[in-house]
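The values are calculated or read from the model by the stated rules, or taken from the named source; none is laboratory data. Just so it is clear, the structure is predicted and the values come from calculations on it, not from any experiment. Every residue, glycine among them, receives a Cβ derived from its backbone with ideal geometry; neighbour counts consider all protein chains shown.
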Amino acid sequence: MQKHNQKEHLYKLLVIGDLGVGKTSIIKRYVHQNFSPHYRATIGVDFALKVLSWDAETVVRLQLWDIAGQERFGNMTRVYYREAMGAFIVFDITRPATFEAVTKWKEDLDSKLVLPNGKPVPAVLLANKCDQGIDVLMNNGIKMDQFCKENGFVGWFETSAKENININEASRCLVKHIIASE
Ligand code: GDP
Ligand code: MG
């Protein structure tokens, strides 16, 4: 039952990053609590809704926007970005090229979308497939905290859609920053 004094927020969140990094898998895990190694690449944009009881007074509805197909071009249209309140940028921890693409995705996002207050939208970086035991970041001595500071990410997480690692935590981090920036 909705309480009389309950606040509701609806946030559009983008999930972007190169093909095959696990965007769809992360959303399926987060929203439907499952994982399959064989998702069909649907073409177009897909939505999923996740409802969070944020605290005693607040319900947060997250509308997660998946993309399929267009990510091969490394950029999205303004229509896709419009009115988003936050973003996850995902790379595959086993494939260095997908990490190199992260700054390009971040630039694409920031060049096409700013919040009503003129600030960039909060973005969280997801280093996905951490269950694979291959860490290109460590191997290349990349300091993630430093990288996030330099590139304007509010945080980063090693995630696994397969093993359900850190996806809830990453989402809470993003929502916390969205609420704080409102
Ligand atoms: P998308 O193109 O970014 O949407 O990526 P998908 O979600 O379709 O995932 C691409 C492939 O990576 C699929 O075979 C997934 O099963 C696999 N995958 C996704 N997330 C993980 C993960 O956390 N761990 C492992 N081992 N495989 C994953
Ligand atoms: Mg996909």
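Details
- Within region 140-156, the set of residues being closer than 27 Å to Val114 by Cβ and either modelled with pLDDT under 95 or surrounded by fewer than 18 Cβ atoms within 10 Å (Cβ to Cβ) (or both) comprises Met144, Asp145, Gln146, Phe147, Cys148, Lys149, Glu150, Asn151, Gly152.
- Ile93 falls short of the stated requirement of being within 16 Å of ligand 2 (Cβ to nearest atom), surrounded by 15 or more Cβ atoms within 10 Å (Cβ to Cβ) and farther than 22 Å from Leu52 by Cα.
- Residue within region 67-79 that is under 13 Å from the mean Cα position of the chain (by Cα) and modelled with pLDDT of 95 or more present: no
- Going through (1) at pLDDT 95 or above; (2) within 15 Å of ligand 1 (Cβ to nearest atom); (3) out of contact with any Ser or Thr (no Cβ under 7 Å at 6 or more places or on another chain) one by one, Thr103 falls short only on (2).
- If only residues of region 54-85 that are part of a helix (DSSP H, G or I) and away from ligand 2 (no atom under 16 Å from the Cβ) are counted, the one that is nearest to Leu115 (Cα to Cα) is Tyr81.
- Yes/no for Ala127 being on the phi < 0 side of the Ramachandran plot and either surrounded by fewer than 16 Cβ atoms within 10 Å (Cβ to Cβ) or among the β-branched types (Val, Ile, Thr) (or both): no
Okay, residues lined up against (1) modelled with pLDDT of 95 or more; (2) closer than 25 Å to Phe147 by Cβ; (3) touching a Gly at 6+ places or on another chain (Cβ under 7 Å); (4) part of a loop (DSSP other than H, G, I, E, B):
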residue: His4; (1), (2), (3), (4): no, no, no, yes
residue: Ile26; (1), (2), (3), (4): yes, yes, no, no
residue: Asn34; (1), (2), (3), (4): no, no, no, yes
residue: Arg40; (1), (2), (3), (4): no, no, no, yes
residue: Lys50; (1), (2), (3), (4): yes, no, no, no
residue: Ala87; (1), (2), (3), (4): yes, yes, no, no
residue: Thr94; (1), (2), (3), (4): no, yes, no, yes
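- Cβ pairs under 8 Å, 6+ apart, first in region 60-81 and closer than 18 Å to Asp18 by Cα, second exposed (fewer than 15 other Cβ atoms within 10 Å of the Cβ) and among the aromatic types (Phe, Trp, Tyr): Leu64/Phe47; Trp65/Phe47; Asp66/Phe47
- Meets criteria (acidic (Asp, Glu), buried (at least 17 other Cβ atoms within 10 Å of the Cβ) and within 23 Å of Gly20 (Cα to Cα)) for Glu163: no
- Within region 4-22, the only residue that satisfies the criterion of being within 15 Å of Ala56 (Cβ to Cβ) and surrounded by 16 or more Cβ atoms within 10 Å (Cβ to Cβ) is His9.
- Qualifying residue in region 5-13 (condition: within 16 Å of ligand 2 (Cβ to nearest atom) and in contact (Cβ under 8 Å) with a residue 24 or more places away in the chain): yes
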